[in-house]
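Here is the structure we will look at, set down as structure tokens.
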Amino acid sequence: MKKFYLIVLLTFIVAFNFNIALAENPGVKTKKEKATINFGADLMSRYVWRGTEYGGNSPSIQPSLTLNSGGFTVGAWGAFSTAGQNRSQELDLFISQSFLKSLFTVTLTDYFFPVEWGDYNYFQYKSNVTGHVFEGNLTFNGVKDFPFTIMVATNFYGADAFRINDNPQSSDFNSKKGIQYSTYLELGYAFKVKDVSLNSFMGFNCTTPKKANTATGYIGEQGFYGDSFGIVNLGLTAHKSIAITEKYSLPLSASLITNPQAGKVYFVVGVSF
């Protein structure tokens, strides 16, 4: 695992310095862009991600902090439910790089879900016990004449695994026999109606859980998105800014989200600061 983090660190250093070099090298035909830091927060009525509700049926505060240089971004994003006995929490770290004039973006994300009322170790990365999930993501960002986006994301390390025995009294409890490689594919289409920006989306679970272990009969976890191939995230998001003063507008959003595979529907509103 140390080698893995060394590779990630080297990728970060090379990508960051590559973008700085592009910005400072007058021989390269590109606009000079200084590194910028952005931070903010969203207040959402529910935390729904890729067709699944993660916020403990309560409003969610979602802060973010990013460092940007050209097409390179490194940042942190969180989600913290505001009510409920077992309040849901999430803290994600990510790095991304856009290329081919921002036509494509590659992202590496480390997902983690702290459990403050339990015992957890954020710095535990051993594959059979870690609570982290690492995902690789490739996105086609679309162009003006073809405003469609295509995104595919796959978990490749960590807690996205199936277990051969879920009995806490068993010696092989939580024994992980392999990564599920949970994979999500999403198609998006962006358009505008007057001053409202709209984004329609359709997301698919592309992972079929591994078969039952012949010794225990336990089929293990179903993966991140469902127990079979199908549509798990279908809906429409609307964005609009409400003018508060001459210099400040308040961004608002509303999303109607369905998960046909799970038979769920959500209506989520949010405000950004």
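Bear in mind these aren't lab numbers, they're just calculated from the coordinates by the rules spelled out. Quick caveat, the model's predicted, so the values are computed rather than measured. Note that we place each Cβ from the backbone using ideal geometry, even for glycine, and neighbour counts take in every protein chain shown.
Here the 3J(HN,Hα) profile of segment 226-236, calculated from phi with Karplus coefficients 6.51, -1.76 and 1.60 at θ = phi - 60°, is x, 9, 6, 5, x, 7, 10, 8, 9, x, 9 Hz, Gly and Pro shown as x. Under 1.5 on a/c is rounded, so check that first for segment 56-129, then, if it is not, pick prolate when a/b is larger than b/c and oblate when it is not; a ≥ b ≥ c are the square roots of the alpha carbon gyration tensor eigenvalues. Verdict is oblate for segment 56-129.
Multiplying the residue separation of PHE146 and SER249 by 0.36 nm and removing their Cα-Cα distance gives an extension gain of 34.2 nm. Our coupling estimate for segment 191-201, obtained by passing each phi through the Karplus curve with A = 6.51, B = -1.76, C = 1.60 and θ = phi - 60°, is 7, 10, 10, 6, 9, 10, 8, 10, 9, 9, 8 Hz, Gly and Pro reported as x. For TYR157, the amide hydrogen comes within under 5 Å of the amide hydrogens of PHE134, counting only partners 5 or more places away or on other chains and with H modelled in the peptide plane.
Could you tell me which chymotrypsin sites (Phe, Trp or Tyr not before Pro) in segment 100-130 are loop residues by DSSP with no more than 10 other beta carbons within 10 angstrom of their beta carbon? Here the sparse-neighbourhood loop sites are TRP117, PHE123.
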